[in-house]
Amino acid sequence: MKWYRADLHIHSVLSPCGGLEMSPSSVMQTAKNKGLDLIAITDHNSMANCGVYAKAARDYKLDFWYGVEVQTAEEIHVLALFDDPEPALEFDKELYNSLLPIENDPEFFGDQVVIDSKANIVRFEKRALINSSIWTFDEAIKKIQSVGGFAFPAHVDAQTYSVIAQLGFIPTNISLPAVGISAKAKPQMVRQNFPQLKNYNLIQNSDAHYLKDIGSGYTDFYLEKPTVAELKMACKNEKGRKIKNKN
């Protein structure tokens, strides 16, 4: 058992709002410099770059999860995390097919860059990733969980793209192991300001789009190994696994 310092919400050059400085080696070196042990790449509605970032993470001896930030039909951001690439990429295909066939406008939104392990441009993703899936919030959570992923709403304290901002509440008809909070939030203040969160674990991440923001939000997990199954146990305080938020 050991502590893992994790930032599970980092964007790559694929996200149109992300900086082109977010190359695999630069992200990993910055994560190491910030003292992180575990990271996830969570671009908007696509995992197309996760493979090359996973390879870079191995080179830098960082633990890595495949991830994606799903934007639901209600414009709620939901994070999906996977420690196994196979179900992750199968889910990614299904997610891609749920997006409306609208082309990206790079001059307005920015480029959506798919790269190789040396940060060379392979292609530009044409479908607009900044748009919503046709899946509802409930559907997205259930689809992620049905294929073994870890699903939780991102930055619930934010004024936009959060489940509380969009719905005014967190639906209780689905099981959520945790909710995400933004990098600058104070966990204790979040619980005071949002009483409906009192029974939820809080996972704080950076939502980094630029190198300087990586690790600005993080959460410590006490786990036997860095797997989604262990994270689920930590959310239940099972067998010594636990979660610790920064002060």
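Taking only pairs six or more apart or across chains, which ones have beta-carbon atoms under 7 Å, a first residue in the range 81-110 that is hydroxyl-bearing (S, T, Y), and a second residue that is in a loop (DSSP other than H, G, I, E, B)?
Taking only residues 6 or more apart or on different chains, the pairs are Y96/S46; S98/I134; S98/W135.
Residue by residue through the range 119-170, note down the ones that are aromatic (F, W, Y), surrounded by fewer than 16 Cβ atoms within 10 Å (Cβ to Cβ) and either modelled with pLDDT of 95 or more or in contact with a strand residue (DSSP E or B) (Cβ under 8 Å, 6 or more places away or on another chain) (or both).
Answer for the range 119-170, where residues must be aromatic (F, W, Y), surrounded by fewer than 16 Cβ atoms within 10 Å (Cβ to Cβ) and either modelled with pLDDT of 95 or more or in contact with a strand residue (DSSP E or B) (Cβ under 8 Å, 6 or more places away or on another chain) (or both): just F124.
Restrict the check to the range 104-119 and report whether at least one residue is under 30 Å from D220 (Cβ atoms), within 20 Å of the chain's Cα centre (by Cα) and not β-branched (V, I, T).
No, there is no match, as no residue in the range 104-119 is under 30 Å from D220 (Cβ atoms), within 20 Å of the chain's Cα centre (by Cα) and not β-branched (V, I, T).
Against the conditions (1) assigned to a helix (DSSP H, G or I); (2) over 28 Å from K184 (Cα atoms), where does A57 fall short? Just the number, please.
Every listed condition holds for A57 apart from (2).
Could you please find all residues in the range 171-193 being surrounded by 12 or more Cβ atoms within 10 Å (Cβ to Cβ) and of a type in the set (K, R)?
Selection gives K186, R191.
From N245, N237, which residue is more than 15 Å from the chain's Cα centre (by Cα), surrounded by fewer than 24 Cβ atoms within 10 Å (Cβ to Cβ) and without any contact (Cβ under 8 Å) to a residue 24 or more places away in the chain?
After applying the criteria, what remains is N237.
Got a number for residues in the range 69-89 being under 16 Å from L129 (Cβ atoms) and in a strand (DSSP E or B)?
Result for the range 69-89: 7.
Take the residues in the range 179-203 that are closer than 23 Å to I214 by Cβ and basic (K, R), then tell me which one is nearest to the chain's Cα centre (by Cα).
The residue in question is K184.
Which of the numbered conditions does T219 fail, given that it passes all the others? Conditions: (1) on the phi > 0 side of the Ramachandran plot; (2) surrounded by 19 or more Cβ atoms within 10 Å (Cβ to Cβ).
(1)
If G19 satisfies all but one of (1) over 24 Å from F152 (Cα atoms); (2) out of contact with any Phe, Trp or Tyr (no Cβ under 7 Å at 6 or more places or on another chain); (3) part of a loop (DSSP other than H, G, I, E, B), what's the number of the condition it fails?
Single failed check for G19: (2).
Select from the range 22-50 the residues that are assigned to a helix (DSSP H, G or I) and either crowded, with 18+ Cβ neighbours inside 10 Å or basic (K, R) (or both) and list them in ascending order.
Those that are assigned to a helix (DSSP H, G or I) and either crowded, with 18+ Cβ neighbours inside 10 Å or basic (K, R) (or both): P24, V27, M28, T30, A31, K32, C50.
Of all residues in the range 139-158, which are over 18 Å from H44 (Cα atoms) and without any contact (Cβ under 8 Å) to a residue 60 or more places away in the chain?
Matches in the range 139-158: K142, Q145, S146, D157.
For the range 215-234, enumerate the residues that are farther than 18 Å from R191 by Cβ, among the acidic types (D, E) and under 19 Å from the mean Cα position of the chain (by Cα).
E230
Could you check the range 95-118 and list, in sequence order, the residues that are assigned to a loop (DSSP other than H, G, I, E, B), surrounded by fewer than 14 Cβ atoms within 10 Å (Cβ to Cβ) and not β-branched (V, I, T)?
Those that are assigned to a loop (DSSP other than H, G, I, E, B), surrounded by fewer than 14 Cβ atoms within 10 Å (Cβ to Cβ) and not β-branched (V, I, T): L100, P101, D105, D116, K118.
Looking only at residues in the range 1-16 that are assigned to a strand (DSSP E or B) and not β-branched (V, I, T), which one is farthest from the chain's Cα centre (by Cα)?
K2
Hey, can you tell me all the residues within the range 210-226 that are among the hydroxyl-bearing types (S, T, Y) and either free of Cβ contacts under 8 Å to residues at least 24 places away in the same chain or within 16 Å of K236 (Cα to Cα) (or both)?
Passing the criteria: T219, Y222.
The values are calculated or read from the model by the stated rules, or taken from the named source; none is laboratory data. Remember, predicted model here, so these are calculated numbers, not experimental data. A quick note on method: Cβ atoms are made from the backbone with ideal geometry, for glycine too, and the neighbour counts reach across all protein chains shown.
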